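What follows is calculated from the coordinates using simple rules that are stated; it is not laboratory data. Everything numeric here is computed off the predicted structure, so don't read it as measured data. Neighbour counts are summed over all protein chains in view; Cβ atoms, including those assigned to glycine, are modelled from backbone coordinates with ideal geometry.
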Amino acid sequence: MDREFAYSYNDYVKYGNGYKDMNPISKLTISVCLGIASCIVHRWQFGVALCIIGTLAAIYTRIFKKYIKSLLVIAVPLLLLTSCIRQLQYAHLEGNQPIFKILGWQWYDQPFIASMDIAWYIIGFSSVLLVYFMNTEMKDLMLALENRGVTHVASYIMLSSIQSIIDMKKSADTILESQKARGIETDGNIIVRMKAFFPTLGPILLSAMSGTEEKAIAMDARAFSHEGGHTYLRVLRPIPWWEYILDAIAILVLVGSIVYQVMKTVGAL
């Protein structure tokens, strides 16, 4: 059993899921290209298509509940805010056609479509990025970047910064739970929550600083600053040919969206 555990570090990192097992840079390339294409095309149809793709990927990777909660936090306020602002700004434009009425407020077609274009390209962009970050270990991404030539110092700084945020959230949750166990009210309206949260900032920051010092000492003990080659406990699998094809398709979609926008702009002149 000990031998099997030891030899497991010689194998490639595997999660048992096709999307999760993809190279982190390949997944990032696809997500960023599709997200930027959504911003360039600026049409609600493209954003909805990306949202559907992201939802299907979330179902496939079994993170649908966590994904949909985060997406709704972004989507619902954004849709409501952009719709109301556009209706107030452009309700009196010529050619507007009424579509429906809410509590005596008449809504028109052109402002509504414009608001959907704005909201959905942001939602589509957020959708693909949510799926990526919820399914990708940051240590795998940093390892992939090191394999592409990024220095180990830069990758450690990025990984440590991200991990510090995660550790601070865990510390905040732990401190708030301990405060609740002592009888201090931490649940309720926003004022009650703020009163309970602000006193925890001091211990959280002190814990983060002490944790940074401990990490620095541990890294020095492991000869992190040595200029020679470094070893890794994690090994990423070689990138298969079909991942290159998916990356190429995503890049072509981005290039196609740029060409489409340029032709549209030229045609409008």
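Things worth noting here:
- Residues of the chain were split at every exposed loop site, defined as GluC sites (Glu not before Pro) in a DSSP loop with at most 12 other C-beta atoms within 10 angstrom, and the longest piece left, sites excluded, is 1-93.
- Cα→Cβ-extended label distance, 7 Å offset, between Arg148 and Phe64, nm: 3.2 nm
- Cβ crowding within 10 Å ranks His92, His152 as His92, His152, fewest other Cβ atoms first.
- Selected from Val255, Val73, Val128 as most flexible by GNM, with the chain as the system and alpha-carbon contacts under 10 Å: Val73
- Calculated P(r) tail over 30 Å for the chain, as whole % of Cα pairs: 52 percent
- For the residue pairs Lys65/Lys170; Lys14/Lys215; Lys180/Lys215, the C-alpha atoms sit more than 24 angstrom apart in Lys14/Lys215; Lys180/Lys215.
- Ellipticity estimate at 222 nm from DSSP helix runs (n ≥ 4, -39,500 (n - 2.57)) divided over the chain, nearest 500: -24500 deg cm²/dmol
- For a modelled paramagnetic label at Phe100, 7 Å from Cα along Cα-to-Cβ, the residues of the stretch 42-63 in reach, with backbone nitrogen under 19 Å, are 44-45, 48.
- The trypsin sites (Lys or Arg not before Pro) found in the stretch 77-161 that occupy coil by DSSP, while having at most 15 further C-beta atoms within 10 Å, are Arg148.
- Applying 1/(1 + (r/R0)^6) with R0 = 30 Å to the Cβ-Cβ distance of Trp241 and Ile74 gives a FRET efficiency near 0.30.
- Estimated from the Cβ-Cβ distance and a Förster radius of 41 angstrom, the FRET efficiency linking Thr174 and His42 is about 0.40.
- In the stretch 20-125, the chymotrypsin sites (Phe, Trp or Tyr not before Pro) that fall in loop regions by DSSP, at most 12 other Cβ within 10 Å: none
- Point-to-point label distance, Arg234-Ile162, nm (Cα→Cβ direction, 7 Å offset): 0.8 nm
- With the simple model of a label 7 Å out from the Cα in the direction of the Cβ, Tyr19 to Leu205 spans 3.9 nm.
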